[in-house]
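FYI, it's all coordinate maths here, none of it is from the lab. Keep in mind that what you see is a predicted model, and the values were worked out from it rather than measured. Positions of Cβ are generated from backbone atoms using ideal geometry, with glycine treated the same way; all protein chains shown enter the neighbour counts.
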């Protein structure tokens, strides 16, 4: 077992063997303590700013007080909104400000029309479901799909043995 402790390429924190993440940056294998440090380092290298690592005067130590208390500082709480997390990451990793803004705008514009369509479709489906014939047809469709799934499960192993594992 290797007893040498590795340091994170981005933040210089010591890395436990179970937390070690490696990736190649600039043709050199680098080690990271977490996916966050790896993502930031990949972004810095991707933008051609790798000189940051040679010019920095000190490492960016993780704030032990925040990590120990597991509390988010007040000034960072607006960024912890669960509805913004996915959009923010896509915006940050998109490359530049305009692309990130366009991507976030597309997500925003795509959400509202979909919500309106879902609510309208839900109301129509509720109205349409009042008819007994529609409910019987839905049950028939459901049982047919289940029967087809059972049939495929029955004949699939035989088809795999004959033709191999490529099913097209």
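Ranking request for peptides 111-121, 8-18: highest mean number of other beta-carbon atoms within 10 Å first, then the rest in descending order.
8-18, 111-121
Classify segment 96-160 as rounded, prolate or oblate, taking a ≥ b ≥ c as the square roots of the eigenvalues of its Cα gyration tensor: rounded when a/c is under 1.5, otherwise prolate if a/b is larger than b/c and oblate if not.
Cα axes put segment 96-160 in the oblate bin.
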